[in-house]
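The values are calculated or read from the model by the stated rules, or taken from the named source; none is laboratory data. Keep in mind it's a predicted model, so treat the numbers as computed, not measured. Here the Cβ positions follow ideal geometry from the backbone for every residue, glycine too, while neighbour counts run over all protein chains shown. Heavy atoms of the whole protein, side chains included, go into the accessibility calculation; ligands, DNA and RNA do not. Shrake-Rupley method; radii C 1.70, N 1.55, O 1.52, S 1.80 Å.
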Amino acid sequence: MEFFTWDVNPVLIEFLGLKIHWYGALFATAILAGLHVMKWIFRQEKIKLELLDSLLMYCVFGIIVGARLGHCLFYDPGFYFSNPLKILAIWEGGLASHGGGLGVIIAVYFFQRKHKVKYLWLLDRLAIATALFGFFVRFANFMNSEIIGIQTDVPWAVVFARIDLLPRHPAQLYESLSYLSIFIALILLYRFSNIKKQSGALFGGFLCLVFTARYLIEFVKVKQAAYASDTLINTGQLLSIPFFVVGIYLLFNAWKKSRA
């Protein structure tokens, strides 16, 4: 049985020794797409667009620092505790989405304290943009032939020729398309329902949907953590559970307030 072979060069453009990678280009696209969504939302609600410049800086800082520290602490702590300066070597790769998510949540907390914006109101709106951001980032992982799936013989299996010649689940595409679907669902709910008036509901729904998808897709991913685990579920699944629980709490709290 023949499978689709993926052998794309991770370098998008190389000119005079300067290399622009697919990952970097798509990461930048993810940020710009999220910013465009937030501009649309701010215009809808007549919020000053000037706030977005500061919010963007807070979010990008939170994503990068959180994702890097998350990778170092969650997936290969032994190596980075032994080589602490390597934590700064972000150009060598290694970003964890759970850490990035936590980093943004913390960064937004400091932003809203400075600018006197309601915390859950802002997280509800950022959830929509973040789902679109995740779509581009996971597609960037596909372009890089990283975060690959386990071996399979399903008809849509992909051979990542830069890794090996085994047909594998395109786990990055599963995740990328899941996030795109969640983005569409959230923006439709925001546009055509009253859910945006229920504080925490959109963000809670985002957490439940994203981390349910992440939990399930982890079953077909190659293990990413460098250390052995005796648990039935892997590191990515363990880290997804607290986010899901917070999502359930926010949804329940929003429902309870709407009933009252």
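If amide hydrogens are placed 1.01 Å from N in the peptide plane, which non-local residues have theirs closer than 5 Å to the one on Lys221?
Answer set, sorted by chain and number: Ile150.
Report the FRET efficiency, 1/(1 + (r/R0)^6), for Lys118 and Ile184, where r is their Cβ-Cβ distance and R0 is 35 Å, rounded to 0.05.
0.85
If I take R0 = 35 Å and measure r between the Cβ atoms of Ala28 and Ile233 in this structure, what FRET efficiency does the formula 1/(1 + (r/R0)^6) give, to the nearest 0.05?
Efficiency for this residue pair is about 0.55.
Give me the distance in nm between label points sitting 7 Å out from Cα along the Cα-to-Cβ direction at Arg191 and Leu177, one decimal.
According to this spin-label approximation, the distance is 2.2 nm.
Using alpha carbon centroids, what distance separates segment 122-179 and segment 20-36, in Å?
If we compute the Cα centre of each part, the gap is 16 Å.
Excluding residues fewer than 8 places away in the same chain, name every one of the lysines whose C-alpha is closer than 29 Å to that of Lys223.
Candidates past the 8-residue exclusion: Lys86.
In debye, nearest 20: dipole of segment 53-151 around its Cα centre with unit charges on the Cβ of K, R (+) and D, E (-)?
Dipole about the Cα centre, nearest 20: 440 debye.
Cut-off under 26 Å on the C-alpha distance; same-chain residues fewer than 8 positions from Lys114 excluded. Which lysines are left, in chain and number order?
Lys39, Lys46, Lys48, Lys196, Lys197
To check you understand DSSP bridge types, tell me what percent of the beta bridges within the chain (both residues inside) are antiparallel, rounded to 5.
The answer is about 75 percent antiparallel.
Tell me, what is the FRET efficiency for Ser258 and Met57 to the nearest 0.05, using R0 = 35 angstrom and their Cβ-Cβ distance as r?
0.55
Please compute the modelled spin-label separation between Ile13 and Leu49, points set 7 Å along Cα→Cβ, answer in nm with one decimal.
2.6 nm
Give the accessible surface of the chain per residue, rounded to a whole number of Å², with probe radius 1.4 Å and ligands, DNA and RNA excluded.
On a per-residue basis, the chain sits at 55 Å².
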